[in-house]
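One structure below.
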Amino acid sequence: MLNPLMTPLMIEKYAKRLVDRLKSSTLRGIVLTGSFARGEGGPFSDLDVWCFYHDKKIKTSSLPELAGITLDLREVCLKDFKNDADGTREYVAPCFEQLIVFGETPFVLPSRKKIKEGVLHLLVSIEQRLTRTMPPVNHYEILNDVMYLLRIERYLSTFQYPLTLSELYANQLEEKDRLLVEYYSSYLYRDRTVSEDEIRNGMDGFLNKRLQ
């Protein structure tokens, strides 16, 4: 389902409703991550919510709705989370891209070695997704992953993580990488239609440079 661009106020109001519904004696924190935490939620974005519990997962039967938004809710035991945390995007990105709406965040940045291992695994995953024929390639998902890779490359070289798209675009020295930011922006805000050939040509150069 397509969703409208959400304002920070709308997200804040929804977060308060979410806390009221989920709050319990074992709840330790609720954190929003991803595109809405970055302030760039668009038509293809879902709302990523992490709920952290002290000793066990609490399966919630019903949640407040947010019109037009798909909710990606993860209910995690803190002990399990600490054991499973690694250098993948799933655990690294929220260290930079998060909005704490209740309690505290358990996200702790892993070592640079683990982050680099996660980057390599993600690059290989993107390459595999681009080469398969079934099911259809999700170009928005791939471009979203590429935006993370560009951000984390900047962090690894300068210790700065460009959160906004304008920052990300300004920091790209390679014209081809700037084009990928533009393609993602086009998907995000529907400025124009980006062809599959444009995306694949851009991705070929991106992957070849990093996987050679």
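Summary value for the chain: 18 percent relative contact order, contacts being C-alpha pairs under 8 angstrom separated by 6+ residues. For Rg and Dmax of the Cα atoms in Å, the value calculated from this model appears in [x] 19.2, 64; [y] 17.4, 57; [z] 17.8, 52 under label [z]. Less than 5 angstrom separates the built amide H of G34 from none of the residues sequence-distant by 5 or more or on a different chain. Highest mean packing comes first when the peptides 153-164, 178-189, 112-123 are listed by Cβ atoms within 10 Å, giving 178-189, 112-123, 153-164.
Subtracting the Cα-Cα distance of L156 and C95 from their residue separation scaled by 0.36 nm leaves 20.6 nm.
Among 29-40, 81-92, the peptide with the highest mean count of other Cβ atoms within 10 Å heads the list, and the full ranking is 29-40, 81-92. By the gyration tensor of its Cα atoms, with a ≥ b ≥ c the square roots of the eigenvalues, what is the shape of segment 112-211: rounded for a/c under 1.5, prolate for a/b over b/c, or oblate? Taking the square roots of the gyration eigenvalues as a ≥ b ≥ c, segment 112-211 is oblate. Around the Cα centre of the chain, unit charges on the Cβ atoms of Lys, Arg, Asp and Glu (plus for the first two, minus for the last two) sum to a dipole of about 680 debye. Length gained on full extension, L120 to L163: 13.4 nm, using 0.36 nm per residue less the C-alpha separation. Between S24 and S195, the contour length at 0.36 nm per residue exceeds the alpha carbon distance by 56.8 nm.
No value in this document is a laboratory result; all are computed from the given coordinates. The structure presented is a predicted model; accordingly, all values stated were derived computationally and were not measured. Using ideal geometry, Cβ is built from the backbone for each residue, glycine included, and neighbour counts are taken over all protein chains shown.
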